[in-house]
Amino acid sequence: MNNAVTIVMIEDDDGHARLIEKNIVRAGVKNPILHFPTGSAGMDYLRNNQGTGSLLILLDLNLPDMTGIDILQSLKADEALKKVPVIVLTTTDDKREIERCYELGCSVYITKPVEYEQFAHAIRQLGLFFSVIQVPETS
Amino acid sequence: MWTANSLRRFDLSRIPHAPILLGSAFAFLVLTVLVSMALLDHTQRERDRLVQTIDTQDRLDELLAFMRRMESGQRGYLLTGDPQFLDIYNDTRTQVLARLAVVEQAVSGDASQAESMQRLKPLVQGKLNEMSESLRLYDSGQRDAAVELLRSGLGLRYMDGIHDIVLKIATDTNEQRKTQHDVARQQERWLLGVNIASVMLILILAAVSLFVVRRANVTMRRAQQVLKDANAELEANVAARTAELTAANEEIQKFAYIVSHDLRSPLVNIMGFTSELEALKGDLFEGLKSSPAGDTNGADAHDEAMNGAIPPARLEQDFDEALGFIKASITKMDRLINAVLTISREGSRTLQPEPIDMNEMFQTITSAVAHQAQEADAAIDVAALPTIVSDRLAIEQVFSNLVDNALKYLRNGVQGQIRIKARNQGNKVVVEISDNGRGIERRDQARIFELFRRAGTQDRPGEGMGLAHVRALVRRLGGSITVDSTPGEGSVFHVSLPRTLHSEGKRISA
């Protein structure tokens, strides 16, 4: 993946964030990863740093301050941010939730497995995926 | 609410003795019909007797007339000797005897007339004998003796006697007829009276029946209305209960979902960092065994290991980080489990309703947070509050949580103003806790009552348990809680509670 792409990770659990980061790096992805523990902090960053290059968003649905669905909705409603690929990475495997996310325009929905081998494997696969996908530039 | 009272309203005893009333009226009607039938029968018999009396009189008159004709036949013969007169005499003699038998038969029922008849019979017989004697004398050639017999006036006296008796019987029967006529008139009047009475009775009966039927109809309509209302109320109640149950069910599902998700999160961490530790262990022991340079070491799963040896400081840092996350996750899981337990225990605790003076209770709450309020530069203003009957412990927890929250989420640099007041709403009391704090976004206003969920900037400590706990308690007390809020201006929490909480055994019957 283009080095100019910044990965914005909105994840309330620091442990999860650390594990995701470690495994993405292990997959050989060298892009900068910015971690925001709350939805509002992530949204603030995304709104205030438009035009600074391409972005990719890793989003957890269960956040303490606002739901990931709300974030997804406001991202897709934002002219500047709606083209940014959003990868929902969450513990939830509720079918309705998954449908809702795709309806709202998320690019990929991944459930975090409890089993660490699977978890690490999934994230590394995601890293490999990062190395091949094309990301539009934010205007 | 509707069951006992409304059912009592359509009691049938509201139509008093209707069956007895109708039954006796019908009995009267039958009685009048029977009486008029008896009267009619009686009148008919009287009329028959009258006719018979008139008939007897006619026969008597005929008897007299025939006797006179017989007499004139006798005399004509005696004068002229013409046998034509003798034929008249003989013919009328048969008639006279026949009439006499008829009249005797007819008056046999009447004592006085029968007696008159007894007197009449010898006279008639005497007259007949006198006449036949004169004719016998005439036929045997003794014309003078026959005329002499006539002249003696014996026949005349017989006739006078007969005439007198017939006249007397006529007078008697006339009297009798008058009486009979009067009786018949009297009976007709009676019959008329009875008939008028029965017509009036029928009219009254019809009026009473109409009234009873109309009243029964009105009662029935009222009962139907009551039933319809009760049905509508029942449907509304069922709809309300169904909505409540659906909401409760959704909440339970959401609760299960939240709990399972929130318990899974730390589990992912524990599993993850345990595996990281395992990998680190390989690196650590490899590092201890071999020289730092040249060797390819470490688990191949660990990419850092492939780039050569890891500096011990880095290893230690990773090791500490992993252990730290594991410990934090275990602590978090413990906290979550405790939170779920607390809420579940709260649900199974027996509520003990008692009168609570809310003024006193809020005084206790405000003095407990006085220090906090002073630090936050906030004023708490409590208006006059009512006394309610509820569970003291639960009520205290609800309101101290809400006051804590109001103090916790004030705006920086703005003097806090927290107001508590109450109003009545039917059999409920609505307590309002308003603040001029940071407020809550509309989309978060339902979410804040969910377990482990918080709204706005996460700059205050907390687990996201308080309001979930408050809502569970308020529900348990038979109330509800809602919030109105404008971000940046403040929030108002409305807690609606029953004025009197019934102890749990009685709640079902309400």
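Against the conditions (1) at pLDDT below 85; (2) more than 14 Å from chain A (Cβ to nearest Cβ); (3) in a helix (DSSP H, G or I), B:ALA309 satisfies every one except (3). The set of residues in region B:113-168 that are among the polar types (S, T, N, Q) and within 20 Å of B:THR53 (Cβ to Cβ) comprises B:GLN113, B:SER116, B:GLN118.
Among the residues of region A:128-138, just one is within 20 Å of A:ILE71 (Cβ to Cβ) and either open to solvent by 30 Å² or more (accessible area, probe 1.4 Å) or assigned to a strand (DSSP E or B) (or both), namely A:PRO136. For the criterion of being part of a helix (DSSP H, G or I) and open to solvent by less than 60 Å² (accessible area, probe 1.4 Å), B:VAL166 passes.
Listed by first and then second residue, the pairs linking a residue in region B:431-443 that is in the same structural domain as B:GLY490 (by TED's automatic domain parsing) and touching a residue at least 40 places away in the same chain (Cβ under 8 Å) to a residue that is buried (at least 19 other Cβ atoms within 10 Å of the Cβ) and of a type in the set (Phe, Trp, Tyr), with Cβ atoms under 6 Å apart and 6 or more places separating them unless they lie on different chains, are B:ILE433/B:PHE493; B:GLY437/B:TYR409; B:ARG438/B:TYR409. Taking the conditions exactly as written (crowded, with 19+ Cβ neighbours inside 10 Å, within 14 Å of the chain's Cα centre (by Cα), charged (D, E, K, R) and more than 9 Å from chain B (Cβ to nearest Cβ)), does A:GLU11 satisfy them or not? Judged against the criteria, A:GLU11 is a match. Within region B:1-20, the residues that satisfy the criterion of being in a helix (DSSP H, G or I), open to solvent by 90 Å² or more (accessible area, probe 1.4 Å) and either within 16 Å of B:SER209 (Cβ to Cβ) or modelled with pLDDT of 80 or more (or both) are B:PRO19, B:ILE20.
Each row is one residue, and each column tells you yes or no for (1) open to solvent by less than 50 Å² (accessible area, probe 1.4 Å); (2) outside any helix (DSSP H, G or I); (3) in the same structural domain as B:GLY126 (by TED's automatic domain parsing); (4) touching an Asp or Glu at 6+ places or on another chain (Cβ under 8 Å).
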{"site": "B:PHE28", "(1), (2), (3), (4)": "no, no, no, no"}
{"site": "B:LEU39", "(1), (2), (3), (4)": "yes, no, yes, no"}
{"site": "B:HIS42", "(1), (2), (3), (4)": "no, no, yes, no"}
{"site": "B:LEU64", "(1), (2), (3), (4)": "yes, no, yes, no"}
{"site": "B:ALA101", "(1), (2), (3), (4)": "no, no, yes, no"}
{"site": "B:SER112", "(1), (2), (3), (4)": "no, no, yes, yes"}
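Determine which member of the set B:GLN105, B:GLN52 is modelled with pLDDT under 85, farther than 20 Å from B:ASP160 by Cβ and either touching a helix residue (DSSP H, G or I) at 6+ places or on another chain (Cβ under 8 Å) or crowded, with 19+ Cβ neighbours inside 10 Å (or both). Answer to the check: B:GLN52.
Sub-8 Å Cβ pairs linking a first residue in region A:48-73 that is within 13 Å of chain B (Cβ to nearest Cβ) to a second residue that is of a type in the set (Lys, Arg), at least 6 apart or interchain, are A:PRO64/B:ARG453; A:PRO64/B:ARG454; A:ASP65/B:ARG454; A:MET66/B:ARG443; A:THR67/B:ARG447; A:ILE69/A:ARG100; A:ASP70/B:ARG443, ordered by first then second residue.
For region B:348-370, which positions are part of a helix (DSSP H, G or I) and open to solvent by less than 40 Å² (accessible area, probe 1.4 Å)? Can you show your working first?
So in region B:348-370, the residues part of a helix (DSSP H, G or I) come out as B:348, B:358-368, B:370.
Result: B:MET358, B:MET361, B:PHE362, B:ILE365, B:THR366.
In this structure, does B:ASN405 turn out to be under 56 Å from the mean Cα position of the chain (by Cα), more than 14 Å from chain A (Cβ to nearest Cβ) and open to solvent by 40 Å² or more (accessible area, probe 1.4 Å)?
Working: under 56 Å from the mean Cα position of the chain (by Cα): yes; more than 14 Å from chain A (Cβ to nearest Cβ): yes; open to solvent by 40 Å² or more (accessible area, probe 1.4 Å): no.
Answer is no for this residue.
State whether the residues of region B:376-395 include one that is polar (S, T, N, Q) and free of Cβ contacts under 8 Å to residues at least 24 places away in the same chain.
Taking region B:376-395 first, the residues polar (S, T, N, Q) are B:387, B:390.
Cutting the leftovers down to free of Cβ contacts under 8 Å to residues at least 24 places away in the same chain gives us none.
No.
One residue is enough: does region A:30-40 have a residue meeting the conditions under 27 Å from B:LEU280 (Cα atoms), facing chain B (nearest Cβ under 8 Å) and either among the hydrophobic types (A, V, I, L, M, F, W, C) or in contact (Cβ under 8 Å) with a residue 60 or more places away in the chain (or both)? No: region A:30-40 contains no residue that is under 27 Å from B:LEU280 (Cα atoms), facing chain B (nearest Cβ under 8 Å) and either among the hydrophobic types (A, V, I, L, M, F, W, C) or in contact (Cβ under 8 Å) with a residue 60 or more places away in the chain (or both). In this structure, is A:ALA80 away from chain B (no Cβ under 13 Å) and touching a residue at least 40 places away in the same chain (Cβ under 8 Å)? The answer is yes for A:ALA80. Can you name the strands (runs of 3 or more DSSP E) wholly within region B:391-510 that have at least 2 residues being within 30 Å of B:ASP262 (Cα to Cα)? So the answer is B:480-486, B:490-498.
Can you tell me which residue is modelled with the lowest pLDDT among those in region A:72-127 that are part of a loop (DSSP other than H, G, I, E, B) and open to solvent by 70 Å² or more (accessible area, probe 1.4 Å)? Spell out how you get there, then give the answer.
Keep residues of region A:72-127 that are part of a loop (DSSP other than H, G, I, E, B), which gives A:78-85, A:91-94, A:105-107, A:112-115.
Still in the running and open to solvent by 70 Å² or more (accessible area, probe 1.4 Å): A:79, A:82-83, A:93, A:115.
Values: A:GLU79: 86, A:LYS82: 86, A:LYS83: 86, A:ASP93: 79, A:GLU115: 83.
Going through the qualifying residues, I end up with A:ASP93.
Taking the conditions (1) at pLDDT 85 or above; (2) under 24 Å from B:GLN417 (Cα atoms); (3) open to solvent by 20 Å² or more (accessible area, probe 1.4 Å) in turn, B:ALA472 satisfies each one other than (2). Here is a check on your reading of the model: is A:ILE20 assigned to a helix (DSSP H, G or I) and either buried (at least 17 other Cβ atoms within 10 Å of the Cβ) or within 11 Å of chain B (Cβ to nearest Cβ) (or both)? Here the answer is yes, as A:ILE20 does meet what is asked.
Among the residues of region B:435-449, those that are facing chain A (nearest Cβ under 10 Å) and open to solvent by 30 Å² or more (accessible area, probe 1.4 Å) comprise B:GLU441, B:ARG443.
Of all residues in region B:246-267, those that are at the interface with another protein chain (Cβ under 10 Å from one of its Cβ atoms) have Cβ atoms under 8 Å from Cβ atoms of residues that are open to solvent by 60 Å² or more (accessible area, probe 1.4 Å) and not basic (Lys, Arg), 6 or more apart or on another chain, in B:LEU263/B:ILE337; B:PRO266/B:ILE330.
The values are calculated or read from the model by the stated rules, or taken from the named source; none is laboratory data. Just so we're clear, the structure is a prediction, and the values are computed from it rather than from any experiment. Cβ atoms come from the backbone with ideal geometry, glycine included; neighbour counts cover every protein chain shown. The accessibility values were calculated without ligands, DNA or RNA, using every heavy atom of the protein model including side chains. Shrake-Rupley method; radii C 1.70, N 1.55, O 1.52, S 1.80 Å.
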